[in-house]
Amino acid sequence: MTDARTAADRPEGAEIWAAAAAAPPTAEAAKAAPAASPPGEGRDLSRILRVALPLAVFALVIWGWETYVVAYEVPHYILPAPTRIMETMIEDWPILFGSLLQTLRTTFLGLILAVAGGVSLAVLLSLSRLIEYSLYPYAVVLQVTPVVAISPLLLIYMPQEAAVLTCAWIVAFFPILSNTTLGLQSVDRNLLELFDLYGATKPKWAPHWLGRFLSRVKALWYLRRPAALPFFLAGLKIAGGLALIGAVVAEIAAGSAGAGSGLAYRILESQFRLNIPRLFAALALLSVTGVVIFLAMSGLSHMLLRRWHESALKQER
């Protein structure tokens, strides 16, 4: 029926255009047509541009910054030139590197605790509605309360190192929990019904309550776990950057109380002493650290999803 309607509505001359399109190209047309590019050439050019364009913009900004400072003789305590910041970073590297290691230690410990706590709680929430109804609202309350307001309170009741680590954990915890819970609940209902229809989840020898529990565990392992992996990795990419932010916020709060040795404390110390080049150097290290963490999480996500998930397969076409 569709073909008949299409033929009736087809304008005059359409058969001629269709025959011309279906006919093989002549020798002159083949010579006039541009040569087709190899399949991987466009993809290689796109990869080069993705790296080259941000580097070109960065180099242009640095050049403009350096030129402005030199041309207008801006004092270094107001706006240091990029070359002055690099010299300060090299001279103060022992101090800055020790502070960087302390910030990295807090960040990764907070991220590891957030992954362990977030995934464990998400699994419990997916197994029991009672646990979900009881605990999930408190996780939301923990997330929406600003960590800047929580950190002074933690510094009162906890040791400084534990308080800083707790702040990094609080900020990174909720994205892991929320994304993993969503992934565990996003499994195809048809697959769950098929799984149950074939009796693959409920052993006949077990009591009803035990069979129901085992069925949920098997569905969790064979169906919900693969479905939740992309969601978990997306939450991990968000949590990596947030853990660094939480660590810096907590270090600033601890530094304001007269203690702390992370990069945030070095920024505060440089501000008080008007050592602006060191302040910029510490800020640059924090920015580079955040970018490296994001790239590491993106690489891990691509490595785990590139063979089967649509979000990673599109990048390889």
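The values are calculated or read from the model by the stated rules, or taken from the named source; none is laboratory data. Because the structure is a prediction, the values reported are computed rather than measured. Glycine also receives a Cβ, built like all others from the backbone with ideal geometry; neighbour counts cover every protein chain displayed. For accessibility, only protein heavy atoms count, side chains too; no ligands or nucleic acids. Shrake-Rupley method; radii C 1.70, N 1.55, O 1.52, S 1.80 Å.
Evaluated against (1) part of a helix (DSSP H, G or I); (2) open to solvent by 40 Å² or more (accessible area, probe 1.4 Å), ARG307 falls short on exactly one condition, (1).
Scanning the range 265-295 for residues that are open to solvent by 60 Å² or more (accessible area, probe 1.4 Å) and touching a residue at least 12 places away in the same chain (Cβ under 8 Å) gives LEU274, LEU283, PHE294.
When ALA250 is tested against (1) open to solvent by less than 60 Å² (accessible area, probe 1.4 Å); (2) at pLDDT 90 or above, exactly one condition is not met: (2).
The set of residues in the range 72-91 being within 10 Å of ALA281 (Cβ to Cβ) and either assigned to a helix (DSSP H, G or I) or within 31 Å of the chain's Cα centre (by Cα) (or both) consists of ARG84, ILE85, MET86, GLU87, THR88, MET89, ILE90, GLU91. Quick one: which residue in LEU191, LEU135, LEU121, LEU214 is crowded, with 16+ Cβ neighbours inside 10 Å and either small (Gly, Ala, Ser) or in a helix (DSSP H, G or I) (or both)? One residue alone meets the criteria, LEU121. The residues on offer are PHE97, PHE108, and the sole one that is within 20 Å of the chain's Cα centre (by Cα), aromatic (Phe, Trp, Tyr) and surrounded by fewer than 17 Cβ atoms within 10 Å (Cβ to Cβ) is PHE108. Taken over the range 75-88, the criterion of being open to solvent by 30 Å² or more (accessible area, probe 1.4 Å) and not aromatic (Phe, Trp, Tyr) is satisfied by PRO75, HIS76, ILE78, LEU79, THR83, ARG84, MET86, GLU87.
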